[in-house]
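The values are calculated or read from the model by the stated rules, or taken from the named source; none is laboratory data. From a predicted model like this one, the values you see are computed outputs, not experimental measurements. Neighbour counts run over all protein chains shown; Cβ positions are idealised from the backbone, glycine included. We work out accessible area using only protein heavy atoms, side chains counted, and drop any ligands, DNA or RNA first. Shrake-Rupley method; radii C 1.70, N 1.55, O 1.52, S 1.80 Å.
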Amino acid sequence: QVQLVESGGGLVQAGDSLTLSCTAFGRYDYNMGWFRQAPGKEREFVAGISWSDSSTYIPYSLRGRFTISRDTPNTMYLQMNSLILEDTAVYYCAADSRTRGTPLATMTVGYDYWGRGTQVTVSS
C-alpha cells in the first residue's frame, strides 16, 4: 500500500516556473509518474521516473520545459518552466506498483496508486 500526497500547486503567470512535489507514504520502491487533467479533457501523461535507475521519460511536447526528478527515495518532483495557459490543470502523482524498471508506463491504466491532485493555474 502507498499513499501519495502532492503539493506545490498554485496560481502563476505565464512564463513563470513552478515545482510540484509528491511524497509517498508506505512503500515507495515503484515507478512513479505525473499526469494532468484539464477541464473537459482526458487525463494525460506528463512525466515518469523509474525506481531501478531513475530513468525518466517526458513526452516530446513537454520536453525542455518539464523535468522530473527524485532526490530522496520517497519524494518526487516535477519542475515546470516557461508555463503557458495550456498547462492549467489538476496535476496528479501516480505509482506503478508492478514495475520498477523501464519501459515506463505512459497510460493511466499503468498506474494503480494515485494522489488527490494539486491545481495549477496559469494566468496571462
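Please list, ordered by residue number, the strands (runs of 3 or more DSSP E) wholly in segment 60-124 having 2 or more residues that are open to solvent by less than 60 Å² (accessible area, probe 1.4 Å), at negative phi and touching a Lys or Arg at 6+ places or on another chain (Cβ under 9 Å).
On the way: elements: 66-72, 75-80, 89-96, 118-123.
By residue number, 75-80, 89-96.
Is there a residue being without any contact (Cβ under 8 Å) to a residue 60 or more places away in the chain, over 16 Å from Ala89 (Cβ atoms) and buried (at least 16 other Cβ atoms within 10 Å of the Cβ) anywhere in segment 30-39?
no
Hey, any hits in segment 62-69 for a residue that's polar (S, T, N, Q), farther than 19 Å from Val2 by Cβ and more than 15 Å from the chain's Cα centre (by Cα)?
Checked against the condition, which is being polar (S, T, N, Q), farther than 19 Å from Val2 by Cβ and more than 15 Å from the chain's Cα centre (by Cα), segment 62-69 yields no hits at all.
Give me the residue from segment 95-116 that is within 13 Å of the chain's Cα centre (by Cα) and among the polar types (S, T, N, Q) and, out of that set, farthest from Gln1 (Cα to Cα).
Thr106
What about Leu83, is it within 18 Å of Leu18 (Cβ to Cβ), aliphatic (A, V, I, L, M), touching a Gly at 6+ places or on another chain (Cβ under 9 Å) and in contact (Cβ under 8 Å) with a residue 24 or more places away in the chain?
Details: within 18 Å of Leu18 (Cβ to Cβ): yes; aliphatic (A, V, I, L, M): yes; touching a Gly at 6+ places or on another chain (Cβ under 9 Å): yes; in contact (Cβ under 8 Å) with a residue 24 or more places away in the chain: yes.
For Leu83, the condition - within 18 Å of Leu18 (Cβ to Cβ), aliphatic (A, V, I, L, M), touching a Gly at 6+ places or on another chain (Cβ under 9 Å) and in contact (Cβ under 8 Å) with a residue 24 or more places away in the chain - is met.
Which one is nearest to the chain's Cα centre (by Cα) among residues in segment 41-54 that are at pLDDT 95 or above and surrounded by fewer than 15 Cβ atoms within 10 Å (Cβ to Cβ)?
Glu42
Would you mind stating whether Arg27 is over 20 Å from Tyr111 (Cβ atoms), basic (Lys, Arg) and surrounded by fewer than 17 Cβ atoms within 10 Å (Cβ to Cβ)? Walk me through it before giving the result.
Working: over 20 Å from Tyr111 (Cβ atoms): no; basic (Lys, Arg): yes; surrounded by fewer than 17 Cβ atoms within 10 Å (Cβ to Cβ): yes.
Taking the combined requirement at face value, the residue does not satisfy it.
Taking Arg36 as meeting all but one of (1) out of contact with any helix residue (DSSP H, G or I) (no Cβ under 9 Å at 6 or more places or on another chain); (2) in a strand (DSSP E or B); (3) not hydrophobic (A, V, I, L, M, F, W, C), write down the number of the exception.
The one condition Arg36 does not meet is (1).
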